Each structure stands twice: as C-alpha cells, then as structure tokens.
Amino acid sequence: MTSYKDIVNSSKEQEAEKQLFVKLKNSKNNQVYDYVFRKIILSLKPGISIATSPNDFFSFNSRELMTPYLKSTLNSLFDSVSTIGGYEFNILEIGSGSGEPIEWFFAKEFSSRKERQKIDYTVNIIEPNLQFINLYKERINKYQRLIKLGMSYNGKIQDYYDESLSDEGRSQLPSLPKEVLNNATISSRMSQTLKARRELLYEKQILSTLQESEASSSSNSSSTTSHKTRPKVESYKMNTTYSTKTLADMAAMGFASELLKCNEESFDFRILEFVLDKLKSFALKDDDDSVKEINLCRGKRFEEDVWMIEHPQIICVIHKEII
C-alpha cells in the first residue's frame, strides 16, 4: 500500500501545488474566492456538467445530508404561516450561492402551496460573490410567478450588519490582520470560532438571548394580535465529508471558508502556505492518531482516490412557535 509520505511527495501532488500557486498569483481576494468556490468547492462529480440535485457535487456531501432538514423546516414554516393566517413569507438566505435549491425543491413547494394559501413569497440574499448573485437573480426570474427577490447584498453577513454595531460590538467581529498572521494566531482564532459556534448553536446557548429579545419586544409592542410566541431552537449534528484529489485543493477549501476576506485586497499567500503546511504535517506523521486530529484520511469518492476530512456540521433551526 502506498504510504501517505509517498503520496504527499508524488509528482501529482507537487504539480497541483505548483499550479495552484501560479493560478492565484497576483490575484485579489475576491478573485481567489471566486476561483476556489467555482473550481474546487462546487466541482461536480464525473459525468455531470450541470448540478440538478444536491448529490451532484464532488467535493462535499453536506448539501445532500442537510436537504431533508431543510425540506422539513420549510414545510413546518409553511404550515405555521397557514395557521397564523399571514400573507407574506420572507426568506433570508445568507451565503446564498447561485440559488440551485430553488430549482431542486423550493419552486415545487412554492407552486403546490401558493394557490391554496394565497401567500406572497420573497427571498432576500446575502452573498460575497457578485457572479453568484447574478445567477441567483436569473433563477428567480425563471420562477417570478412563484417567488420574488427582495433585498440582495453583495458581501458577507458581518459587513451587512457592521454599520448597526456599536464600537464594542464591532471589536468582537472576527478579523485576521496581516501583521498578526501566524500559526498560533490562526489556530487559536479558528478554535475559538468553532467552540463558539458549537456552544451557541448546537448546545443552544443562543436560546437565552432569543428569549430576552422576545420578552423585550413583547413588552414594547403595541400590537393587539392574539398570537403570543416564543423562540424555539432545534439543533442537529451531522458528519460532513470534504473530498479533494490533492492536498493543494484541500488547503484551498480550508482557507476559503474560514480565513479569506472577500474584498479587493491582494491575496496573502501566507494563508495558503499555512493551511497547506498544516495538512502536510498531519499527512506525513506516521502514527494514525496524529492524522486523526483533523480526521484526515485517504478514501474513495465516486470511485476516485481522494483526500478526505470529516467535519461535524451543525444545523440549527430557529423559529417562533405560537403559545
């Protein structure tokens, strides 16, 4: 059996690393973001040229795993709108991508319910990639009799809400200035971020904040509606697998999702070098326990030999229920 060391030092891996550095040379952060998402993260499985289902993506299985939860949540929300008797249904999609789920199941659900419920459906999107926003708008236009586009914001969620934050709140936002870019800083920051997400969403610590907000809104509201509500949080954890043919592509996936700012600044290659070196260090260690620190392994994806990383993904559904 070929060792991890032999694979890491193979001509295939070396050439992939070289080509990635050449491709990203002299690029802006926005250009790197676009390339990594289009060519690596959203790459399709062999034989597929256009994604028509959540199962068509090569590099990850999160979409196919989360689709049942998304459908269930949508149906629950549709039913609650019917119970309350509302006439508008607004969706805010953060990190919307190019809107494939509209064609996969949104349109079907909207179509089956729109006539019965006489409800106007509006989707609002926040997405850092302008090309993805334009593709999303094209999809909305195809189904304009069912759903309309509300707000569309080209940027990250932190940017959208930044102006409404106090100076104290703004200081708590994640940042990665170049002058403090080092192994200790990145590792510590990512660990803190993942820990906060787990506690806030999976362990449902966000519920107390939502309850306080609900109580404050109720006390300040002059509404005479008979419906009283309370926040409800449902959390699920699933094991997502990320797969790439080379460590260079795996490194690109890693920094694009957590460390890359989406702006017109020049791309800082130290980010790529850090993530790639980190992956190599785990792959080159002989003891299996070291590799498992980040669940890095070799496996098969659609019959192709790939590098794989298992990572827990949290699905958190937050909604109001009538009491």
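Laboratory data are not the source of any read-out in this text; all were calculated from the coordinates shown. Remember, predicted model here, so these are calculated numbers, not experimental data. Ideal geometry is used to build each Cβ from the backbone, glycine not excepted, and the neighbour counts take in all protein chains shown.
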At most 10 other Cβ atoms within 10 Å and a DSSP loop assignment: could you name the GluC sites (Glu not before Pro) in region 235-273 that fit? Glu264
Find, among the chymotrypsin sites (Phe, Trp or Tyr not before Pro) in region 17-97, those assigned to loop by DSSP (not H, G, I, E, B) with at most 15 other beta-carbon atoms within 10 angstrom. Tyr87
Under a 5 Å amide H to amide H cut-off, with H placed in plane at 1.01 Å, what residues pair with Ile91 once short-range neighbours are removed? Thr122, Val123, Asn124
Looking at this model, which pairs from Lys195/Lys245; Lys39/Lys278; Lys71/Lys195; Lys28/Lys285; Lys28/Lys108 are more than 32 angstrom apart at the alpha-carbon? Lys28/Lys285; Lys28/Lys108
Residue by residue through region 15-28, what is 3J(HN,Hα) from phi via Karplus (6.51 cos²θ - 1.76 cosθ + 1.60, θ = phi - 60°)? Round to whole Hz and write x for glycine and proline. 5, 5, 5, 4, 5, 5, 5, 5, 5, 8, 4, 6, 9, 7
Once fully extended, how much extra length lies between Glu265 and Lys228, figured as 0.36 nm per residue of separation less the alpha-carbon to alpha-carbon distance? 8.5 nm
With θ set to phi - 60°, apply the Karplus curve 6.51 cos²θ - 1.76 cosθ + 1.60 along region 103-110 and write out the HN-Hα couplings as whole Hz, x wherever there is a Gly or Pro. 7, 6, 8, 4, 4, 4, 5, 4
With a 19 Å threshold on alpha-carbon distance, the violating pairs from Lys204/Lys320; Lys204/Lys237; Lys45/Lys137; Lys118/Lys232 are Lys45/Lys137; Lys118/Lys232
Amide hydrogen neighbours beyond the local backbone of Lys28, cut-off 5 Å, H modeled: Phe267
Whole-Hz couplings from phi, Karplus 6.51/-1.76/1.60, listed for region 29-34; x for Gly and Pro: 4, 4, 5, 5, 4, 4
